[in-house]
Amino acid sequence: MILATAATAATGSGGFDILYPLKWVIELILVEFHNLFTLLGMAGDSGFTWVAAVAGLVVVVRAALIPLFVKQIVSQRNMAILQPEIAKLQKKYKGKNDPESRQNFAREQMALYKTHKANPMSSCFPLLVQMPVFFSLYSVLSAAQQDKAGVGFLTKVLANSFANATVFGAPLKATFLTSPETSVKIVAAVMIIFMTVSQFITQQQLMAKNQNPAIQNSQYMQTQKIMLYVFPIIFIFSGLNFPLGVMTYWLVSNIWTMGQQFLVIRNMPTEGSKAFHERQARLERKGKLLAIQPESVTDVVEDAKSTQRSQPVSKARAKKQTK
């Protein structure tokens, strides 16, 4: 409901729509995927055709967000590495509640984040960046409900087709709260459950498999535990007020996130985490870990030799060596 209100507020007074450019792009992608699936033989007015078009929109948006996702992973790892320093800082200012101490603590903490290129809210970035997409899609469907064309490629005919297309008897424009139809409530409830579960699993696998046990009691992990339960609650309350077409985007996006994170944790785990030890075991079984280790050891030995301090040589010994 909160997100739906924000989506409505995105259109300013006097008819100025701050989401106009984004809605234009979304309509372009949505209509082109709809045309593609129609060309492949799917019915143009079918809800499954429009669901497939929305899934295509998810693929395009999430593919564009891959660089941001990589930055998110790097920032999260830096946050994990930073936890011992944060713990020292908290110990340093423990019991000091005067304004000057709080300011110094905040300043030193921000300096650590900046030095290590870490951000405690990095896990929220992909979701926050997608918020304008949710709002734009919500606005497009809201206009279609009122028998209005979109701002660009979504003509009045296509808008009506999108809004009134049904999946298991439930129109994509319908919401759980506003529709009295049983089919809508069932489909919406199932989608909300899958959205909530997929979000919970995504956050849970990050905490259970990709965190170093040494930071389990850190403030960073406490924040992650809070997010584990806060985000599913947001999905539940927002999902009740979102049209099924918008929830389709959200659900497919969650599934993408879950799969993407699974692959990252499996192939690029945080050092010292459960996933890291599992990957080491897999590499050892395949014989790849043994092939990598000797080279690493050699590099360490060579580095150690190169960093050894040269002993001073006396003048007499130096003359003797030159003879």
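The values are calculated or read from the model by the stated rules, or taken from the named source; none is laboratory data. If you're wondering where the values come from, they're calculated on a predicted model, not measured in any experiment. All Cβ positions, glycine included, derive from the backbone under ideal geometry; neighbour counts span all protein chains shown.
Evaluating Lys94 against the criteria (1) charged (D, E, K, R); (2) farther than 29 Å from Leu28 by Cβ; (3) in contact with a helix residue (DSSP H, G or I) (Cβ under 7 Å, 6 or more places away or on another chain) leaves one unmet condition, (3). Would you check if Gln205 is of a type outside the set (Phe, Trp, Tyr), outside any helix (DSSP H, G or I), surrounded by 14 or more Cβ atoms within 10 Å (Cβ to Cβ) and modelled with pLDDT under 85? So Gln205 fails the test. Check whether at least one residue in segment 40-56 is closer than 27 Å to Val264 by Cβ and without any contact (Cβ under 8 Å) to a residue 24 or more places away in the chain, and report yes or no. Yes, the conditions are met somewhere in segment 40-56.
Residues of segment 170-202 that are in a loop (DSSP other than H, G, I, E, B), of a type outside the set (Lys, Arg) and crowded, with 16+ Cβ neighbours inside 10 Å: Leu172, Ala174, Thr175, Phe176, Ser179. Selection of segment 256-268 for residues being surrounded by fewer than 16 Cβ atoms within 10 Å (Cβ to Cβ) and in contact (Cβ under 8 Å) with a residue 60 or more places away in the chain yields only Met268. Taken together, Ala118, Ala174, Ala165, Ala144 contain a single residue that is closer than 30 Å to Gln90 by Cβ and touching a residue at least 24 places away in the same chain (Cβ under 8 Å), which is Ala118.
Against the definition (within 20 Å of Ile234 (Cβ to Cβ) and not aromatic (Phe, Trp, Tyr)), how does Val129 come out, yes or no? When the stated conditions are applied, Val129 passes them.
Of Lys274, Lys225, all but one fail to be at pLDDT below 80 and basic (Lys, Arg); the exception is Lys225. Scan segment 172-197 for residues that are under 21 Å from Met258 (Cα atoms) and touching a strand residue (DSSP E or B) at 6+ places or on another chain (Cβ under 8 Å) and the total you get is 1. The residues listed here are Lys96, Lys92, Lys156, Lys88; of these, the one that is surrounded by fewer than 14 Cβ atoms within 10 Å (Cβ to Cβ) and under 18 Å from Pro171 (Cα atoms) is Lys156.
Sub-6 Å Cβ pairs linking a first residue in segment 177-191 that is more than 22 Å from Ile233 (Cα to Cα) to a second residue that is in a helix (DSSP H, G or I), at least 6 apart or interchain, number zero.
Restricting attention to segment 278-294, the residues being basic (Lys, Arg) and at pLDDT below 80 number 1.
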